[in-house]
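Below you will find the structure I want to go over with you.
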Amino acid sequence: MNGSVPEAAAPMSVPEATAPLTVHRRLTQEEALRLGSDIQRRIGVKTSRQEPLARFTTMRVGGRADLFAEVHNLFELRALVRFARQRDVPLFILGRGSDLVISDGGVPGLVIHNRAQGARIDGERLIADSGLPMAKAATISKDAGLSGLEFGLAIPGTAGGAVWANAGAHEADVRSVLVSASVMRLDGSEVVLDPGGLALSYRHSILKDVEPGAPEVVTSATFRLEPADPGVIAERLDEIRRWRQAHQPLGMPSAGSVFRNPAQGPSAGELIDRLGLKGRRIGGASVSEKHANFIVNDQKGSASDVRRLTEEVQAIVRREHGMELQPEIVFAGDWSGWEPAA
């Protein structure tokens with residue numbers, strides 16, 4: 001979700017797979033055309049209408065955006081966010097599209113694809129624009145002889161999305177290295193929040209609690225690192241690469257880990273694997289044979305296929321283990337026409 005996404009993701013609240021979702025008004029063609037022209041004239045950013053979003057997500061599913069714009073720096077990001085809020089236009093921030101399943105109905109309002117990827121080293125700190133991929137942040141840090149962000153190589157999203165979700169991997173997470181993040185409030189003002197102010201916890205931040213369509217947007221993040229031998233850091237990065245290649249279905253469209261791990265006991269993947277659910281399929285989506293906590297889109301499935309399979313796995317685990325797995329992936333967009341499997 002995600003730019004400020006989570007891979008996602010985007011800085012929108014995370015509904016449970018079975019919870020009702022807020023649906024915002026769609027833009028008419030005339031409204032989208034007028035807003036797009038205003039954005040081009042006032043901000044200098046090109047827009048498109050009815051842009052297919054599947055290609056911008058790692059799961060490769062999802063419908064169209066009413067209005068779509070791609071930003072390449074923080075000036076454009078801030079300007080577009082303020083523009084949308086001044087006109088009461090529903091807003092969705094899209095980063096690298098991981099940890100995200102966009103509905104077949106698409107996303108109402110304005111979708112901003114955040115590609116603001118500026119970064120600089122200041123002493124033992126990395127200051128990153130929110131659209132910087134975490135994998136790139138890891139390599140920038142390594143080249144500077146700074147350790148602490150190696151786990152970012154395993155995070156397929158952006159710095160903003162990682163802050164939004166307190167993303168983590170390999171026994172580390174954003175909270176452990178974050179100094180602060182700059183966040184645009186709903187009124188257009190910008191504040192700097194530390195991990196306490198962001199209320200970072202396991203795969204969660206206070207930014208997830210904001211109403212969908214009106215996100216608070218991460219613009220940049222500052223990470224605290226430690227000097228280390230670049231060769232030693234490179235070895236650690238190689239270890240992470242090898243582990244991922246051995247344990248995760250990297251060559252197939254997926255959104256990453258589907259469920260959060262329970263606070264105690266076996267991991268989500270172990271619980272699913274014990275029930276023999278690897279290979280279980282609905283439409284073009286199936287539970288990965290390589291890692292049971294991944295759903296892969298291996299036969300050109302739809303967002304509905306992915307969500308129905310997610311809920312089916314969730315229901316089976318509930319019935320057989322008496323545990324309620326909580327989704328880590330975000331089901332975003334307009335799900336008003338969607339119905340769960342009978």
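Could you sort 164-177, 70-83 so that the peptide with the highest average Cβ count within 10 Å comes first and the rest follow in order?
Answer by packing, highest mean first, reads 164-177, 70-83.
Now, a different point. Let me have the 222 nm mean residue ellipticity of the chain computed from DSSP H runs of 4+ only, each contributing -39500 (n - 2.57), with the sum over all residues rounded to the nearest 500.
It lands at -8000 deg cm²/dmol.
For segment 238-288 and segment 311-341, what is the separation of their C-alpha centers, rounded to whole Å?
Cα centroid of segment 238-288 versus Cα centroid of segment 311-341: 15 Å apart.
Give the residue from Q117, A144, A159 lying farthest towards the positive end of the charge dipole for the chain; charges sit on Cβ (+1 for Lys and Arg, -1 for Asp and Glu) and the dipole is referred to the Cα centre.
Value: Q117.
Select one label from [x] 0.97; [y] 0.99; [z] 0.94: the one whose number is Rg/Rh (Cα atoms, Kirkwood Rh) as derived from the coordinates shown.
[x]
Got the relative contact order for segment 137-211 handy, in percent, Cα pairs under 8 Å and 6 or more residues apart?
Value for segment 137-211: 24 percent.
Throughout, read-outs are computed from the coordinates displayed, never taken from laboratory work. Treat the numbers as computed from the prediction; the structure is a model and nothing was measured. Using ideal geometry, Cβ is built from the backbone for each residue, glycine included, and neighbour counts are taken over all protein chains shown.
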